[in-house]
Amino acid sequence: MTDLEPPPKLPTGSFDYGDGYQLLAPTGKMHNMGDDEILAFSAFLDLADAPTPSRSVQTKPWGWLLLPMGQTARTAWKECAKSDDDPLQISRMVKVLMDGKPMFVEVAYFFQT
């Protein structure tokens, strides 16, 4: 891409997190996190030395995340809602490091608070 070319447009309804990460539609309605979700979110915040929530957390689920290398990570939230006739995507499984060991985990949904 040259300096004369305009930057690519974001897809309609997307949210640019920066550094090449973009939340992509579909989205859901705002809802309160369940107890298990709050527990996992609090554990993440503890690792990041961020304050943990003292009350319920409202989130808006997003179905997809565009990664900097151009791949799209999907979520169980939307994939499991498909009919039995639709093919499921395994791109809702992501590789993470936990205690220095690589593991594959299922993404429930992406969110912004």
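All of the numbers you see were taken from the coordinates with simple rules; none came from a lab. Remember, predicted model here, so these are calculated numbers, not experimental data. Methodologically, a virtual Cβ is constructed for each residue, glycine included, from the backbone with ideal geometry; neighbour enumeration extends over all protein chains shown.
Identify, from the list GLY63, GLY18, GLY100, GLY34, the residue that is loosely packed, with under 13 Cβ neighbours inside 10 Å and within 16 Å of the chain's Cα centre (by Cα).
GLY18
Here is a yes/no grid of residues against (1) charged (D, E, K, R); (2) under 16 Å from PHE15 (Cβ atoms):
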site	(1), (2)
PHE44	no, no
ASP49	yes, no
SER54	no, no
LYS60	yes, yes
ALA73	no, yes
PHE110	no, yes
